[in-house]
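For reference, the structure is listed below as structure tokens.
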Amino acid sequence: MKTFTRRDFGWTLGKGITATALLGSTSLACGQSAKNENKKLGVALVGLGSYSTYQLAPSLQDTEHCYLAGIVTGTKEKEQVWQDKYGIPKENTYNYDNFDTIANNEDIDIVYVVLPNSMHADFSIRAAKAGKHVICEKPMAISVAECDAIIDACNKAGVKLSVGYRMQSDPYTKEVKKYVAEKTFGNVHFVSSDAGYISNGNPDQWRLNKELSGGGALMNMGVYSIQTSIYGCGSNPSSVSAQEFSTRPDYFKDTDETITAQFEFPNGAVAHMMTSHNANGNRLKSHCSNGWFELDPAHSYGPISGRTSNGNVISFPHQRQQALQMDDFAKHILMGTPNVAPGEMGKRDMIIVEAIYRSIAEGGKKQTLDLGNMGIVG
Ligand code: NAD
């Protein structure tokens, strides 16, 4: 962890010299107080694919409380490119085999796992064992058992854990949560939520390979429609029934193409979600006793756009969600602010994912969900 002013940081990067080299190292303090407000936590990205390259690394340049301190990659050619582009020292560059030695590197405070879904648990657990705080991309893992193993490893190591749910830090999401909590449009009766895109890429990509992805659209975009259903209603569902549809079995050989599901909520509200790798969808609409509110697009990188039944447009200045998300987690570590996307939230969503697959396997049979004691809503 380093103490920076924003000016220091811009200057060091501008010269291509690492902040680490110039400012020296301090050990991570446990105290969560105002004196930590100027601290920046070093983040190591594990997996330098498209999300790290085009979203996370650029967003790290916009954060107040984090900086890109290290990389972990299985592709040798990427090492020099990233070192040059972001001023990352050689000593902060790891591969999948020597990754565990990151334990000895005081520059790295947070390990951010951005690998195919089936690799999340292994690398998150290894990061925790190395004594590093963990951000694990969504979906948190490919089973509830793996989510439990990650949570246990982080608890045992005394490190913090967060899931890469960028929408939890987005101002539009916070606004609709406020409408629900304050009953701005009355009680929510029905929520409709879609999250999908049309996949036409390489049929051998990991997202279409169940062993690496854990599942298709539901594991990928489905977690967004699960989350929007929940924060669009304001509570965890008490049951789910689900259906699966396939129109391109030649392409979606191994993973689900389109899934619909219906949730019941303890207050009588109902939600319908759709997720697909063969249909575009990016929407949340909550119908309430005295009106409605809508986000469309609801969960892309932004700008998000929203409207309400009273004729208002929901509008916030565009900021990178990933920068807000990483700063939220850093503030949680440094200042003890709430963890807006804890591991338990990732586990809750995986309980729902497993119930959806179970419902489909049982011909759409309603599955009871017992999420009331998880302490996680939203
Ligand atoms: P990607 O395919 O672009 O990158 C995957 C990376 O993993 C590559 O660097 C690849 O070299 C590496 N890798 C290591 N072992 C691999 C293997 N056996 N097969 C394939 N790749 C392997 O994927 P991505 O889009 O960067 O997604 C990575 C993770 O980030 C996924 O869990 C995904 O769900 C998540 N993601 C989240 C968001 C979000 O908005 N929160 C957006 C995109 C991706």
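Bear in mind that the values in this text are calculations on the coordinates, not laboratory data. Only a predicted model underlies this, so the values are computations on that prediction, with no experimental measurement involved. Cβ: placed from backbone, ideal geometry, glycine included. Neighbour counts: every protein chain shown.
Normalised by the residues of the stretch 25-166, what does the relative contact order come to in percent, with Cα pairs under 8 Å and at least six apart? Relative contact order for the stretch 25-166 comes out at 21 percent. Spread over its residues, the convex hull of the C-alpha atoms of the stretch 177-271 is 104 Å³ per residue. Looking at this model, which pairs from K183/K285; K76/K253; K2/K90 are more than 23 angstrom apart at the alpha-carbon? Those over the limit are K76/K253. With the Kirkwood sum run over all distinct C-alpha pairs, the stretch 25-166 has a hydrodynamic radius of 15.2 Å.
The relative contact order of the chain, computed from alpha carbon pairs under 8 Å that lie at least 6 residues apart in sequence, is 18 percent. Remark on the chain: Rg and Dmax equal 20.8, 62 Å (Cα only).
Take the alpha-carbon centre of the stretch 170-208, take the same for the stretch 306-378, and report the distance between them in whole Å. If we compute the Cα centre of each part, the gap is 10 Å.
Of the peptides 235-242, 327-334, 154-161, the ranking by mean beta-carbon count within 10 Å, highest at the top, reads 327-334, 235-242, 154-161. For the pair the stretch 106-145 and the stretch 241-299, the centres of their Cα atoms are 28 angstrom apart. Within the P(r) computed for the stretch 203-351, what percentage of the Cα pairs occupies the region above 25 Å? Beyond 25 Å sits 40 percent of the P(r) for the stretch 203-351. Helix-only arithmetic for the chain: the sum of -39500 (n - 2.57) across DSSP H runs with n ≥ 4, divided by the residue total, places the mean residue ellipticity at 222 nm at -9000 deg cm²/dmol.
Pairs spanning more than 18 Å between alpha-carbon atoms, out of K132/K331; K85/K138; K138/K160: K85/K138. Put simply, the stretch 51-90 fits an ellipsoid with semi-axes of 18, 11, 8 Å; these come from the alpha carbon gyration tensor as the roots of five times its eigenvalues, largest first. For T337, the residues whose modelled amide H falls within less than 5 Å of its own, excluding neighbours fewer than 5 places apart on the same chain, are H332. Computed from the Kirkwood radius of its Cα pairs, the Stokes-Einstein diffusion coefficient for the stretch 287-378 at 10 °C and 1.306 mPa s stands at 95 µm²/s.
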